[in-house]
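What follows is a single structure, written as structure tokens, with notes after it.
The values are calculated or read from the model by the stated rules, or taken from the named source; none is laboratory data. Just so we're clear, the structure is a prediction, and the values are computed from it rather than from any experiment. In this analysis, Cβ positions are derived from the backbone assuming ideal geometry, glycine residues included, and neighbour counts consider all displayed protein chains. Surface areas here come from the heavy atoms of the whole protein model, side chains and all, with no ligands, DNA or RNA. Shrake-Rupley method; radii C 1.70, N 1.55, O 1.52, S 1.80 Å.
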Amino acid sequence: MNAKKKTTRTPRTRKAKDVVTDANAEDKKVAKKAVKKAVRKATKKATKKAKASRKPPSAGFSFADIEGDAKLKKLGVKYEIVTAEMGNKKDGYRIPFNNVALQSATGGIIGGTFAEFGAQSQGGKSFLAYELMANCQAMGGVVMLNDGEGAFDVSYADMVGLNITDGTFIKTRITNIQKYYAFLINMTEAVRKKKKNIPILSVCDSYPTLNTQFAIDKRGSGEQLGHEAKLKNRAWSEQMETFTPFLEQTMSTHIMINQFTKVEVANKYMNPYVSLCEEKMQYWATQRLKGMLRAPLTVTKNIGGKDVKVQIGARTAWKTIKNRSVKPFQEVVVDILYSKGLVKYSGFLGYLFQHQLATIATSKFCAETGEELSKSTDYIKILPKLCGEEDVRLPYNKKVGTSTNKAFAKLIEDYPDAVEPVWTGTYDDGETYEPEDGFSEEETEEETV
């Protein structure tokens, strides 16, 4: 047998170019990470672009193809083929509130719609409406006030910034429902002939001052109040059937100030705070705000050598009962000073807490300089969900229970999204909620409008 020949194999020697130093390996590692990051970024961008351009499957049909159908024409029913342009009207607008929390919760009053402000007496309804009129003027618009209560005062208008001397303000005192809405329609059409795109706002202060001609003529004659209310409700509803489409068509806005009162009948059978007037206001209004008094705002003054508490304003809570553009049933606290109007930043911090956009934290470091402090300091931490950054810190005044107006003003200046409606696209913010068994009798009485 031949034995296998034993061979020895010499180890392969690496060339100089194959030898990789630790430094080169580290550079390659960093480069590889950078490439991966760039690829991820490009992929994410391409995916986002593809989603944005994605369209639902076409039906292969357009309603424009059957516009000439004889049977449809015979019916005489008007309809509109909705297009993308209709959702982005050049003359669309929103009238903002002066209070930041209320503006964040509501998004302002939508142009071309009908809105209702309902609250108790002295609840701040007129303050809201008058400041909205001033803001409408500031946007280059015109305003019309029906002062049914006869409460208009020049100094009051000047206080809230309402200009009554430049010809953009009209005041009427019409008590007849039909005449009032006929006036609004004719006046709006006359304005639109001259100016097509300016905001137009009409305010009725307040609904109880409007009535039918029958009720006006029969006042004091002993007619049944129930019969009068039915006639008024019917007449107002008939006007709304034509007036609300008119508002949308002309992009003019109407605000009805309503009043809630406490009556014995309502105490017995339903919510103690009920509207004085209609049954159908809730159906016609696009936006509805319900205001309730919370507490008086007082200061102590020395009068005649004695310390006396003087009421200078009121703390109110406003709830969005109905809103088509933001999450409904949000409540914000608004302070009203009788000498100044709405306090701009009142309720804003509570609104941020309510939506989990801010927390109060304690730090041993100064929020501005980063230096260590001898005592821990509380600060407001605005979460990235609002600002899109790591976090934003504001100084917190423990005694007042809020930040300074200056700090909030700087926040809103730096982050305009802070005053936009907080809306995530879903009512439950991505959370899963289980339905409760039902409202208790006390809760039902409290929430019913």
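When you look at Phe152, is it on the phi < 0 side of the Ramachandran plot and part of a loop (DSSP other than H, G, I, E, B), yes or no?
On the way: on the phi < 0 side of the Ramachandran plot: yes; part of a loop (DSSP other than H, G, I, E, B): yes.
Yes.
Out of the stretch 187-213, which residues are in a strand (DSSP E or B) and within 17 Å of Met144 (Cα to Cα)?
Residues of the stretch 187-213 that are in a strand (DSSP E or B), as a first pass: 200-205, 211.
Across the stretch 187-213, the qualifying residues are Ile200, Leu201, Ser202, Val203, Cys204, Asp205.
For the stretch 338-362, taking the residues that are open to solvent by 40 Å² or more (accessible area, probe 1.4 Å) and in a strand (DSSP E or B), the one that is nearest to Pro384 (Cα to Cα) is identified as Thr359.
Just a yes or no: is a residue in the stretch 181-189 open to solvent by 30 Å² or more (accessible area, probe 1.4 Å), within 22 Å of Met240 (Cβ to Cβ) and among the polar types (S, T, N, Q)? Yes, the stretch 181-189 has at least one match.
Could you go through the stretch 113-126 and let me know if any residue there is among the β-branched types (Val, Ile, Thr) and not in a strand (DSSP E or B).
Yes; the residues of the stretch 113-126 include at least one that is among the β-branched types (Val, Ile, Thr) and not in a strand (DSSP E or B).
Apart from one condition, Glu26 fits all of (1) loosely packed, with under 10 Cβ neighbours inside 10 Å; (2) of a type outside the set (Val, Ile, Thr); (3) modelled with pLDDT under 75; the exception is (1). Selection of the stretch 111-147 for residues being over 18 Å from Ile170 (Cβ atoms), among the β-branched types (Val, Ile, Thr) and either at pLDDT below 90 or in contact with a Cys (Cβ under 7 Å, 6 or more places away or on another chain) (or both) yields an empty set.
Yes/no matrix, rows are residues, columns are (1) open to solvent by 100 Å² or more (accessible area, probe 1.4 Å); (2) modelled with pLDDT of 75 or more; (3) on the phi < 0 side of the Ramachandran plot:
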position	(1), (2), (3)
Thr13	yes, no, yes
Ala16	no, no, yes
Val20	no, no, yes
Lys36	yes, no, yes
Thr43	no, no, yes
Ala46	no, no, yes
Lys49	yes, no, yes
Ala64	no, yes, yes
Leu72	no, yes, yes
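Taken over the stretch 396-417, the criterion of being open to solvent by 70 Å² or more (accessible area, probe 1.4 Å), at pLDDT 80 or above and over 19 Å from Asn99 (Cβ atoms) is satisfied by Asp414 alone.
The lone criterion from (1) at pLDDT 90 or above; (2) more than 28 Å from Phe152 (Cα to Cα) left unmet by Lys268 is number (1).
Figure legend. Inter-residue proximity from the stretch 386-398: first residues without any contact (Cβ under 8 Å) to a residue 12 or more places away in the chain, second residues hydroxyl-bearing (Ser, Thr, Tyr), beta-carbon distance below 7 Å, spacing 6+ or different chains. Indicated pairs: Asn397/Ser403; Asn397/Thr404. The number of residues in the stretch 322-336 that are at pLDDT 85 or above and in a strand (DSSP E or B) comes to 6. Checking each residue in the stretch 98-148 for being open to solvent by 10 Å² or more (accessible area, probe 1.4 Å) and hydroxyl-bearing (Ser, Thr, Tyr) picks out Thr113, Ser121, Ser126.
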